[in-house]
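Before any comments, here is the structure.
Read-outs throughout are calculated quantities, based only on the coordinates presented, and are distinct from any laboratory measurement. For clarity, every value in this text was computed on a predicted model and none was experimentally measured. Neighbour counts run over all protein chains shown; Cβ positions are idealised from the backbone, glycine included.
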């Protein structure tokens, strides 16, 4: 059993010194309502004599600090990309406090995912455009004006002479066919009005109703070597290098898109053209160290074969598969490098 020892020393009426094993304390006030000051602080003591009921409370305890209100998100949040990283701001453009970033991410979770995806697409727009050149092929065909103007009724004294001149004009146009120079010039202007993301030189030759195009393709070294990708965990955009095979695949897709575009626009530029032949070459260093023109893709497509394609849905058609279906010749080795082909003549 533990014993508690204490000694009370009365020094003044209502004032006592309490001495115990844990030290001395000073009590002020009559029994039942006193204040004790000691090593454990200042306490108030209230009791009812003879009842055993008492209450003790510390009087010098520090008052609790005022509770700080948790910071709240502003009514309007803005997310933007700075140095490839998402940052937040309020409606006035003031940067958001770091303590609110987690709450901002939670409140804009779906929007941030969409935003990062769109931002990466915008940065990859040039890379994507290389593979989508064929998307602008028209589904209409331009009429070719014969080399000699159509007779006008006002130039003849009567209907009989006008009809005779008209029939002669039609027979001559059918026999002579279109004027090669005018068709070639019209086609060059047509193709020149298109946008080409990489330098692409085209030589045009009309053989009767067959159009031959000799195309100096872009080089594989001109292809982008990196692609942007979103990191949804860290809310950043990362630029990732493409492997050699990825670059080669991009180049093949670009070359096929070029050839499809030339065939489609060639047939659409004039109803006088019944077939389009494309021979595409690239400049490569040979084993002798010389820079040679290597033909790497050849396609020869008739209007009849092209008419089986739903040109209105060209955006959903893969140009490589389309050219293989049309009998084009191109082949890549294990590294994705295009092999040499024999050009059209």
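The modelled label-to-label distance between residue 117 and residue 313, using points 7 Å beyond Cα along the C-beta direction, is 2.4 nm.
Using a Förster distance of 51 angstrom, determine the FRET efficiency expected from the C-beta separation of residue 150 and residue 199, and round it to 0.05. Once the sixth-power term is evaluated, E becomes 0.80.
For a footprinting-style exposure proxy, rank 262, 130 by other Cβ within 10 Å, fewest first. If you can, show how the numbers build up before the last one.
Numbers: 262 27, 130 20.
Going from least to most buried by this count: 130, 262.
For the range 181-258, what number results from the quotient of the Cα radius of gyration and 2.2 N^0.38 Å?
On the way: Rg = 18.4 Å, N = 78, 2.2 N^0.38 = 11.5 Å.
Here the Cα radius of gyration is 1.60 times the empirical estimate.
Our note on the geometry: Cα centres of the range 288-322 and the range 186-231, 12 Å apart.
Using a Förster radius of 30 Å, what is the FRET efficiency between residue 221 and residue 188 based on their Cβ-Cβ separation? Nearest 0.05, please. Show your work: numbers first, answer last.
Details: r = 27 Å, r/R0 = 0.91.
About 0.65, to the nearest 0.05.
The label point for residue 101 and the one for residue 136, both projected 7 Å from the Cα toward the Cβ, are 4.3 nm apart.
Once Rh for the range 128-325 is found with the Kirkwood sum over Cα pairs, what is the Stokes-Einstein diffusion coefficient at 4 °C and 1.567 mPa s, in µm²/s?
Working: Rh = 19.6 Å.
So the translational diffusion coefficient is about 66 µm²/s.
Residue exposure proxy: 297, 137, ordered by other Cβ atoms within 10 angstrom of their Cβ from fewest to most, comes out as 137, 297.
Under the criterion of Cα pairs below 8 Å and six or more residues apart, the relative contact order for the range 128-325 equals 27 percent.
Rounded, prolate or oblate, given the Cα gyration tensor of the range 288-332, with a/c below 1.5 counting as rounded? Since a/c reaches 1.5 and a/b is larger than b/c, the shape of the range 288-332 is classed as prolate.
With neighbour counts taken as other beta-carbon atoms within 10 Å, the residues 154, 271 rank, fewest first, as 154, 271.
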